[in-house]
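The values are calculated or read from the model by the stated rules, or taken from the named source; none is laboratory data. Because the structure is predicted, anything quoted here is derived from the model rather than measured. Neighbour counts run over all protein chains shown; Cβ positions are idealised from the backbone, glycine included. For the accessible areas, the whole protein counts, side chains as well, though only heavy atoms, and no ligand, DNA or RNA atoms are used. Shrake-Rupley method; radii C 1.70, N 1.55, O 1.52, S 1.80 Å.
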Amino acid sequence: MGESRHRCCSLSVSMQQPDYLRHIRVCLAIVICGLVLSGVTAFPLETEIAWLLSLLHTSWLQPTAQYTHLLPWIERVHQGLSDTYARYPFVAYGTDWLAFGHLVIAVAFVGPYVDPVRNKWVVTFGLIACAGVLPLALIAGPIRGIPIGWRLIDCSFGVLGAIPLVICRRAISALEGPGA
């Protein structure tokens, strides 16, 4: 395909096709790893929260965690999970499905990793999903009693997830060439 340029893209310098493919694959690897990490860590949620709580109680982080209200929030979350899972263990099945969903979405990104042009719709789907994080966090968060700081952290996942996907989408457009 030789050299090509894309006028509205951060990848506007002349690049060879393998360079575009490398950019695309690096961006998709970041997204896939993030989704797998999110999925795998959703399975042992109660255990992870217990570890985090223990860390916050026994480390130099305790004063900061207390001052920022992180410690009371994590204590509340831990108590809620422990009580709920003890009385209603089937509720944990919901986070199992959350984990599974993240893993399945990660697998979907293998398509554009292998053939970016043919599977660019997956990248667009990912961008739509990232955009959907913001209204969900900002609307459902207050309804569920989630502190504003935590909602902003949730929003950051949508924003940070979109960055490699935007770069990837632009590189795919550049790879397709003018008029595509």
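If the chain between Trp51 and Ala140 were fully stretched, how many nm would it gain, using 0.36 nm times the residue separation less the Cα-Cα distance? Walk me through the numbers on the way to the answer.
Details: separation 89, 0.36 × 89 = 32.04 nm, distance 2.67 nm.
Contour length minus Cα-Cα distance gives 29.4 nm.
How large is the accessible surface per residue of the chain, computed with a 1.4 Å probe and reported in Å² as a whole number? Don't skip to the end; give the middle numbers.
On the way: 11090 Å² over 180 residues.
Solvent-accessible surface per residue comes out at 62 Å².
Tell me the net charge near Leu127. Cut-off is 14 Å between Cβ atoms, Leu127 excluded, with +1 for each Lys or Arg and -1 for each Asp or Glu.
Working: positive: Lys120, Arg169, Arg170; negative: none.
Residues near Leu127 contribute +3 overall.
Give the Rg (one decimal place) followed by the Dmax (whole number) of the range 104-177, computed from C-alpha coordinates and expressed in Å.
14.7, 48
Based on the Cβ-Cβ distance of Ala129 and Trp60, what FRET efficiency does E = 1/(1 + (r/R0)^6) give at R0 = 22 Å, to the nearest 0.05?
With R0 = 22 Å, the Cβ-Cβ based efficiency is 0.05.
With the Cα gyration tensor of the range 21-136 in hand, convert its eigenvalues to equivalent ellipsoid semi-axes via √(5λ) and list them largest first in whole Å.
Details: eigenvalues 233, 64, 31 Å².
One finds semi-axes of 34, 18, 12 Å for the range 21-136.
Multiply the residue separation of Phe43 and Val117 by 0.36 nm, subtract the distance between their alpha-carbon atoms, and state the gained length in nm to one decimal. Walk me through the numbers before you get to the answer.
Numbers: separation 74, 0.36 × 74 = 26.64 nm, distance 3.37 nm.
Difference between extended and current length: 23.3 nm.
Whose amide H sits under 5 Å from the amide H of Val117, counting only residues 5 or more places off or on another chain, with H placed in the peptide plane?
Amide H neighbours of Val117: none.
Using Cα atoms only, what is the angle between the long axis of helix 70-87 and the major principal axis of the chain, expressed in degrees (0 to 90) to the nearest 10?
80 degrees
So what J values fall out for the range 124-131 if you push phi through Karplus, 6.51 cos²θ - 1.76 cosθ + 1.60 with θ = phi - 60°, rounded to Hz, Gly and Pro as x?
4, 4, x, 5, 5, 4, 4, 5
To the nearest 0.05, what FRET efficiency results for Leu21 and Phe100 with a Förster distance of 35 Å applied to their C-beta separation? Mind showing how you got there, number by number?
Details: r = 30 Å, r/R0 = 0.85.
Computed FRET efficiency for Leu21 and Phe100 comes out at 0.70.
Using θ = phi - 60° and the Karplus curve 6.51 cos²θ - 1.76 cosθ + 1.60, what whole-Hz ³J(HN,Hα) does each residue of the range 46-56 get, with Gly and Pro shown as x?
4, 5, 5, 5, 4, 4, 4, 4, 4, 4, 5
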